[in-house]
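The values are calculated or read from the model by the stated rules, or taken from the named source; none is laboratory data. Quick caveat, the model's predicted, so the values are computed rather than measured. Please note: Cβ atoms are built from the backbone with ideal geometry, for glycine as well, and neighbour counts cover all protein chains shown. Quick note on the areas: whole protein, heavy atoms, side chains included, nothing else; ligands and nucleic acids left out. Shrake-Rupley method; radii C 1.70, N 1.55, O 1.52, S 1.80 Å.
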Amino acid sequence: MPIALGLLGAYAIKNVRAAKIDLRLYRSGEKFFEEFEEFQPDIVGCSFYTWNRSLTLHLLDFVKRRRGNTLTVVGSPELDIDVSSRAAFMLDNRQIDICVPGEGEITFTEIVQAVVDGKDPMGFEPIMGCCQVAPDGLSVVEGPDRPRLLSLDEVPSPYQTGLFDEFFADNLHPFIEPTRGCPFTCTFCRESIDMWSKVRFMSPERFEADLRYCADRLAGRHDVQLCLGDNNFGMYVQSLDYARIIRSMQDRFDWPRHLNTSSGKNQKERIVETSRILKWGLYFTMAAQSMHPPTLEAIRRKNISTEAMRQILVEVKNDCQDAYAELIVNLPLETRQTFIDGIRALIDLDMNRIIIMTLVMLKGTPLASQAEREMYGFKTCYRIIPRAFGRYNGETVVEIEEAVVATDTMSLDDYLEIRNLQSVINTLFNSDTANTLRRFLRENGVSIWDWIEGTYRKVLTEDSEAGRQMRMFAAEAKAELFESREQVQAFAESHYDKLLSGEYGDNLMNKYIVLANVDGFDSWLTASLTVGRELLLQAGCNPAYVESALESLRTYITMTYNFAECFDRIPEANRRNRVRLDFDVASWSRQDNQKLSEFAGEVDYDLWYSEEKVRLIRNILETGYDRSQTIQFVYRDRKYYAMLPEIERTNAINLAEA
């Protein structure tokens, strides 16, 4: 839900002195354009991000052409922190009257009040916290900085005021901002600047009231996440209060099942405690970003030691839903080898997933400054932000990001190879599909990195569906890069039909994880089992045991995760199928300290979909998105737990003694 706009609107409604304000929130450009002539707004305000930059500029240009006296205001992260750069942006984009580079609630309300009072906000000294084009049209004037809010409770709730009621019917995920600011100084992040160094909090009472408002409307909706605007959830003492409130809602309303947030960078013991409070635990993030000390120093970041990470993971993995690490490719001073060494180190820690992201130049971050671009030899290209395009008023509007594709220490070819490896890591390591195989390899002394890299090298050269997908990904990862924004725009205009179809313009990682798990399921599974078999034999495992165990793992993985047909045909509730294996893989997978060999013996399983699972599948498939996007969301957000059948052991024949 559009939390930034909701907070602006709720504060203005409460504090503007006027008989009535007709305030409307839009998260859809189409709806805004449809209603504009009837609405005829006096003020149009936009939250301005890298993912809606082009649409915002197009929308405000439309406003000025249709109603030139409408005041236009933009705010949020896509504004430069450098005053001269911000001034140049405003002079180049005259459809914008006022920019608000800091917190917007009070500032926007004062702008609205000025208009209500019949004043021209452009005709006198800038309002505190604003910058605007001077009356001569040749320069930009800046108002004094505005102090930040002391408490997030100062802003009324967009939920309790009813501003967000219309969005519940659209299957949108509720967004609550319990904290604002970050104490860390990572130079790739907008919140590294001094303005955001002090953290502000929402009271537990307000948090509970907002969450209860959502839970009343979303009881039992496991397909709808709760998004928390908190860069360090679990790190603060206040997080424990928030977690207790969430748990009370989970117990009473069976919601929220999933939290979408970022866990803290330190205070790991408190994060574990936070996770233990929650009914379904917490996704634990090890936001390493790099494992290379010179890189960490360059981006003003300090990670805990690898040994400390290992100790924390032992505790965390017992209490958290998931434990994953984040890495950013093409940070300063990183090389191909140091980056791969970092991946290996995190794999050896037994992380559940490793999320690899490309460094993107975000406005207002120190790393995007000209000085740092030159210092580290950043070479950037431009690419379409996935699924962020549309046609409005006869024009193609496409959102574009500036990605770093090479540095003084990382070549373009190195970067593209890491992208290829990233795709294989997504398929074999980040997806739950191969979890049991991965565990079997690890318990028999096989290096998981050797297995990942070996599978990558194998599929690159073989004539199989997995190989075809790997080569397609490599070609698309290179083809998505353009030298300029203008080239991206021209490409979007000439290939718009293919953007709509999903042939171009999708998130490549999401696209290929779907292809691997749908069209390429058997092929990727065969390749990973083949490489696994080779490594197990090299490690000295008994060949007969390896063959029997891998065959049971193949069957178990297939019967559990090969659920693609659910996207085309919702399964019949309570219809059972029986499967026999030579090992009790299901029981073994739930035991952390026992080997598969201890679960040898023929076992029959019944598989079926309960009525509750069928209901969840139906909810997921009826979200309103097109089929391709829905399937991508299932894998991206790991909603496929609803697609997994119930499994019940019906017998156990000749099980080996533990």
With the checklist (1) over 28 Å from residue 440 (Cα atoms); (2) open to solvent by 30 Å² or more (accessible area, probe 1.4 Å) in hand, flag the one item residue 579 doesn't pass. (1)
Among the candidates 413, 463, 432, which residue alone is open to solvent by 20 Å² or more (accessible area, probe 1.4 Å), over 30 Å from residue 377 (Cβ atoms), among the acidic types (Asp, Glu) and within 27 Å of the chain's Cα centre (by Cα)? 432
Looking only at region 342-390, and only at residues there that are more than 30 Å from residue 498 (Cβ to Cβ) and of a type in the set (S, T, N, Q), the one that is modelled with the lowest pLDDT: 352
State all residues of region 601-624 that are under 12 Å from residue 645 (Cβ atoms), open to solvent by 30 Å² or more (accessible area, probe 1.4 Å) and assigned to a strand (DSSP E or B); if no residue qualifies, say none. 608
The one condition residue 531 fails out of (1) over 27 Å from residue 412 (Cβ atoms); (2) in contact with a Leu (Cβ under 9 Å, 6 or more places away or on another chain) is (2)
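Residue-wise test of (1) in contact with a Leu (Cβ under 7 Å, 6 or more places away or on another chain); (2) modelled with pLDDT under 90.
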| position | (1), (2) |
| --- | --- |
| 568 | no, yes |
| 585 | yes, no |
| 590 | no, yes |
| 594 | no, no |
| 599 | yes, no |
| 603 | yes, no |
| 608 | no, yes |
| 615 | no, yes |
Taking region 415-451 as the region of interest, how many residues are in contact with a strand residue (DSSP E or B) (Cβ under 9 Å, 6 or more places away or on another chain) and within 17 Å of residue 328 (Cβ to Cβ)? 9
If we keep only residues of region 114-146 that are open to solvent by 20 Å² or more (accessible area, probe 1.4 Å) and outside any loop (DSSP other than H, G, I, E, B), then the residue farthest from residue 74 (Cα to Cα) is 116
Could you grab me the full set of residues in region 208-247 that are under 21 Å from the mean Cα position of the chain (by Cα), open to solvent by less than 20 Å² (accessible area, probe 1.4 Å), more than 19 Å from residue 198 (Cβ to Cβ) and among the charged types (D, E, K, R)? 223
Of the numbered conditions (1) open to solvent by 70 Å² or more (accessible area, probe 1.4 Å); (2) under 26 Å from residue 524 (Cβ atoms), residue 545 satisfies every one except a single condition; which is it? (1)
I'd like to verify a number: residues in region 359-387 that are polar (S, T, N, Q), open to solvent by less than 30 Å² (accessible area, probe 1.4 Å) and touching a residue at least 60 places away in the same chain (Cβ under 8 Å), how many? 1
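Please specify each residue of region 179-207 satisfying the condition of being open to solvent by 20 Å² or more (accessible area, probe 1.4 Å), among the aliphatic types (A, V, I, L, M) and within 16 Å of residue 239 (Cβ to Cβ). Even if it seems obvious, please write down each step before you answer.
In the first step, residues of region 179-207 are kept if they are open to solvent by 20 Å² or more (accessible area, probe 1.4 Å); the result is 180, 183-185, 188-191, 193-201, 203-206.
Subset that is among the aliphatic types (A, V, I, L, M): 193, 195, 199.
Within region 179-207, 199 is the sole residue that qualifies.
Residue-wise test of (1) open to solvent by 50 Å² or more (accessible area, probe 1.4 Å); (2) aliphatic (A, V, I, L, M); (3) closer than 17 Å to residue 429 by Cβ.
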site	(1), (2), (3)
455	no, no, yes
458	yes, no, yes
473	no, no, yes
479	yes, yes, no
488	no, yes, no
499	no, yes, no
523	no, no, no
528	no, no, yes
Any residue at all in region 303-313 that's among the acidic types (Asp, Glu) and within 20 Å of the chain's Cα centre (by Cα)? no
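Among the candidates 553, 607, which residue alone is in contact with a helix residue (DSSP H, G or I) (Cβ under 7 Å, 6 or more places away or on another chain) and farther than 27 Å from residue 446 by Cβ? Spell out how you get there, then give the answer.
Working: 553 fails: farther than 27 Å from residue 446 by Cβ.
Exactly one of 553, 607 is in contact with a helix residue (DSSP H, G or I) (Cβ under 7 Å, 6 or more places away or on another chain) and farther than 27 Å from residue 446 by Cβ, namely 607.
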